[in-house]
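Novice: This is the structure, below, for whatever I ask next.
The values are calculated or read from the model by the stated rules, or taken from the named source; none is laboratory data. What you are looking at is a predicted structure, and each value in this text was computed from that prediction instead of being measured. Note: ideal-geometry Cβ built from the backbone for every residue, glycine included; neighbour counts use all protein chains shown.
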Amino acid sequence: MSAPLLAIEDLKVHFDLGGGTLWDRATGGSPVRQIVKAVDGVSLQIQPGETLGLVGESGCGKSTLGRALLRLVDITSGRVQFGGTDLAALSGRALRAERRHMQMIFQDPYASLDPRMTIGQIIAEPIETFRIASGPEKEKRVAELMATVGLSERFINRYPHEFSGGQQQRIGIARALAADPDFIVADEPISALDVSIQAQIINLMEHLQQQRRLTYLFISHDLRAVRHTSDRVAVMYLGRIVELADARAVYADPLMPYTKALISAVPLPDPAIESRRHRIVLKGDVPSPINPPSGCAFHPRCPYAIDACGRETPSLVEIKPQHFAACIRISPQHPYIDAPA
Amino acid sequence: MGAAPLLSVRDLRTYFDEEGQTARAVDGVSFDLARGETLGIVGESGSGKTVTNLSILRLVPAPPGRIVGGQILFDGRDLLSLSDSDLRKVRGKRIGMIFQDPMTSLNPFMRISRQLMEVTELHLGHSRAEAFEHAVKMLELVGIPDARRRARGYPHELSGGMRQRVMIAMALSCRPELIIADEPTTALDVTIQAQILDLIRQLKADTGTSVILITHDLGVVAGMTDRLIVMYAGKVFESGSTVEIFARPANPYTRGLLLSVPDVTAMDRGDLYQIRGLPPDVAHLPPGCPFAPRCDRAEARCRETAPPMVQVAPGHFSLCHFADEVYAAPAGQPVMSGSR
């Protein structure tokens, strides 16, 4: 395999919610210091030109992981190697220079666009910031970018509120492309859009990837969209990667009980299949990341959990070639769990 | 259908007056719902699916909204002509409602028990003690663990899935004959969505209540509903049995929606089918068929004359000049102009 574009090693992002001081105890605050381990020891490699899908329930840390890769949140420990540079060690000017090569597409396109700037100004901003072009050359690039994402050039002096959600997302994509990045984190890029518009944005992102050799981290809770867009899929649960494999393998042959439940919960647009489908319905909610369960964090909801699951923390193991899972009940010799506990 | 329908919506029209324009949010919608049946209403933003259901309950904000015509016959009585006090006896008692975002529909300052008790004190004449016991029973029914203790808590102490269960408990408190659920699982994770849909399915089997399920998710309607209506630009574009519509969509819009959902079992990763253009602005609709600007099958007449509602098979209707042709076309592919 060629050198990865991005190599993440034992990345941790912890948020300190405070508590535990004399003052907190006296005023009814938390008697102990609360730490949210949003990302807790993630190691991943992302290859140039691939789309890595990142799925999981809300609160599992997938957005925090995406933001940490762009250093939009502070990294507690670990390394993020981007083309040979450790982003975790950078700051100030050096970090800003690297950011030119990595951009983000957000879930809520309207909230991510400055309402007082015109479309032209929004798209031109990265070009100015990174001093890529100026004057007529800059104007030309803005016009090209608008055409690339399917926006008419005559909208150049309009404001974000004048556009529909799908068009706003196109503006967000044009801005992300403006500095000609190598890597884009797309955080739920279609979940705020109408069904008929979702397909348009997915197709646009795939065409852009082919034209510009982009690498995507595609974060979504929509497992159907992830299956379509991704080469490999990482499943996240309470701050950790619990399964990682080729997209086809994750969907056709999921190894982790959690992944099985996630995939079986996706409603399929086919009444014939739905009527005879066996669905694994998980009990309970995602536990709080402040006090994650001991051992395997999934064990309280897992139909296959045994006593040892509450004691041993599983690590991500290559169960089948290029198919990794974190579960003490499976191994390369026994990739499937026989029966519920 | 032999017996009289529980709900019969006839030519409903709800308009909104905004900045001197009239937006026909709901423009001549008709459908029937039998007792015990689950009807899905599918559509994108601006399709009128939510306004249709707010109209059924007369909850359309007025102004700017107004119901300008039609009938909503619930068990034979027209809800649109009831007095406000008679309507209140139906709303929440005989018709329960579940909304998308439970946090905005629950009162954050009121104990959960109190919010459930209000409903049965009003409609069933429960005493305080009776109402509390009933509230606990309802919370247990919808699967809230430790219901007696939880009942004394506040909505913010619960997760999103648990809050939605409280909403369902509230909607079911008076054993309604009809439940209207508007995007009940859209704000939830897939695993929690599966729990809530399971719960609605099971409660329906136990109580025999009728359900209207409004959603944009074709996967959800596929597994939950008996019949389906597909709305676009305030109109019913297609209606029929769920199985039949998925197998043989007779409207280019329905066909496009079905094709644009990524298939998790598909092997190839080519382009998704995409409906071009944008959902309609109902204040500025083109003449003719409102879907014509986005339609692969459209011809000159689609842009000039409004399409007819065509019955393509018993109980299966499509609003399209080419309904029979689209119905007869092979499933799983779009129908293009000049493809004959």
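Novice: What number of residues in the range B:193-211 are crowded, with 17+ Cβ neighbours inside 10 Å, within 14 Å of another protein chain (Cβ to nearest Cβ) and among the polar types (S, T, N, Q)? Lay out the reasoning, then the answer.
Specialist: Initial filter on the range B:193-211 (crowded, with 17+ Cβ neighbours inside 10 Å): B:193-197, B:199-200, B:203-204, B:209-211.
If we keep only those that are within 14 Å of another protein chain (Cβ to nearest Cβ) too, we end up with B:193-197, B:199-200.
From what is left, the residues that are among the polar types (S, T, N, Q) are B:193, B:195.
So the count comes out to 2.
Novice: Would you please name the residue that is surrounded by the fewest Cβ atoms within 10 Å (Cβ to Cβ), looking only at residues in the range B:62-92 that are at pLDDT below 90 and in a loop (DSSP other than H, G, I, E, B)?
Specialist: My answer is B:P63.
Novice: Next up: Among the helices (runs of 4 or more DSSP H) confined wholly to the range A:231-305, which include 2 or more residues that are in contact with a Ser or Thr (Cβ under 7 Å, 6 or more places away or on another chain), under 25 Å from A:T215 (Cα atoms) and more than 7 Å from chain B (Cβ to nearest Cβ)? Even if it seems obvious, please write down each step before you answer.
Specialist: Numbers: elements: A:247-252, A:257-265, A:271-275.
Ranges flagged: A:247-252.
This table checks each residue for (1) more than 25 Å from A:K37 (Cα to Cα); (2) touching a Phe, Trp or Tyr at 6+ places or on another chain (Cβ under 9 Å).
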| site | (1), (2) |
| --- | --- |
| A:V250 | yes, no |
| A:K260 | no, no |
| A:L268 | yes, no |
| A:V281 | yes, no |
| A:V286 | no, yes |
| A:E312 | no, no |
| A:P321 | yes, no |
| A:P332 | yes, no |
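Novice: Considering the range B:146-171 alone, what residues qualify as being surrounded by 21 or more Cβ atoms within 10 Å (Cβ to Cβ) and either modelled with pLDDT under 85 or aliphatic (A, V, I, L, M) (or both)?
Specialist: Within the range B:146-171, B:A151, B:G161, B:M162, B:V166, B:M167, B:I168, B:A169, B:M170, B:A171 qualify.
Novice: Evaluate the following for A:P109: is it crowded, with 19+ Cβ neighbours inside 10 Å and under 21 Å from A:R141 (Cα atoms)? Write out each step before concluding.
Specialist: On the way: crowded, with 19+ Cβ neighbours inside 10 Å: yes; under 21 Å from A:R141 (Cα atoms): no.
Taking the combined requirement at face value, the residue does not satisfy it.
Novice: Which residues, counting only those in the range B:291-311, are among the charged types (D, E, K, R), surrounded by fewer than 19 Cβ atoms within 10 Å (Cβ to Cβ) and assigned to a loop (DSSP other than H, G, I, E, B)?
Specialist: Hits for the range B:291-311 are B:D296, B:E299, B:E304.
Novice: Of a type in the set (V, I, T) and more than 30 Å from A:A247 (Cβ to Cβ) - does that describe any residue in the range B:244-259?
Specialist: Narrowing the range B:244-259 to residues of a type in the set (V, I, T): B:245, B:254.
Subsequent filtering for residues that are more than 30 Å from A:A247 (Cβ to Cβ) retains none.
Within the range B:244-259 (the criterion being of a type in the set (V, I, T) and more than 30 Å from A:A247 (Cβ to Cβ)), the answer is no, since none of the residues qualifies.
Novice: Shifting gears a bit: Does A:Q200 meet the test of being touching a residue at least 24 places away in the same chain (Cβ under 8 Å), buried (at least 23 other Cβ atoms within 10 Å of the Cβ), among the polar types (S, T, N, Q) and within 14 Å of chain B (Cβ to nearest Cβ)?
Specialist: Judged against the criteria, A:Q200 is a match.
Novice: When both residues are 6+ apart or on different chains and their Cβ atoms are under 7 Å apart, which pairs have a first residue that lies in the range B:323-340 and is part of a loop (DSSP other than H, G, I, E, B) and at pLDDT 90 or above, and a second that is surrounded by 16 or more Cβ atoms within 10 Å (Cβ to Cβ) and aliphatic (A, V, I, L, M)?
Specialist: Taking only residues 6 or more apart or on different chains, the pairs are B:A329/B:V335.
Novice: Also, I was wondering about something else. Whether any residue in the range B:77-99 is farther than 22 Å from B:D27 by Cα and among the aromatic types (F, W, Y) is what I want to check.
Specialist: yes
Novice: Report, by residue number, each residue of the range B:126-157 that is assigned to a loop (DSSP other than H, G, I, E, B) and without any contact (Cβ under 8 Å) to a residue 40 or more places away in the chain. Give the derivation first.
Specialist: Looking only at the range B:126-157, we keep the residues that are assigned to a loop (DSSP other than H, G, I, E, B), and these are B:126-127, B:142-146, B:151-154.
Selection gives B:H126, B:S127, B:I144, B:P145, B:D146.
Novice: Does A:D74 count as closer than 28 Å to A:G172 by Cβ and loosely packed, with under 14 Cβ neighbours inside 10 Å? Give the derivation first.
Specialist: Values: closer than 28 Å to A:G172 by Cβ: yes; loosely packed, with under 14 Cβ neighbours inside 10 Å: yes.
Taking the combined requirement at face value, the residue satisfies it.
Novice: Quick test for you: out of B:L82, B:L57, B:L73, pick the one residue that is of a type in the set (A, V, I, L, M) and closer than 30 Å to B:P155 by Cβ.
Specialist: The conditions single out B:L57.
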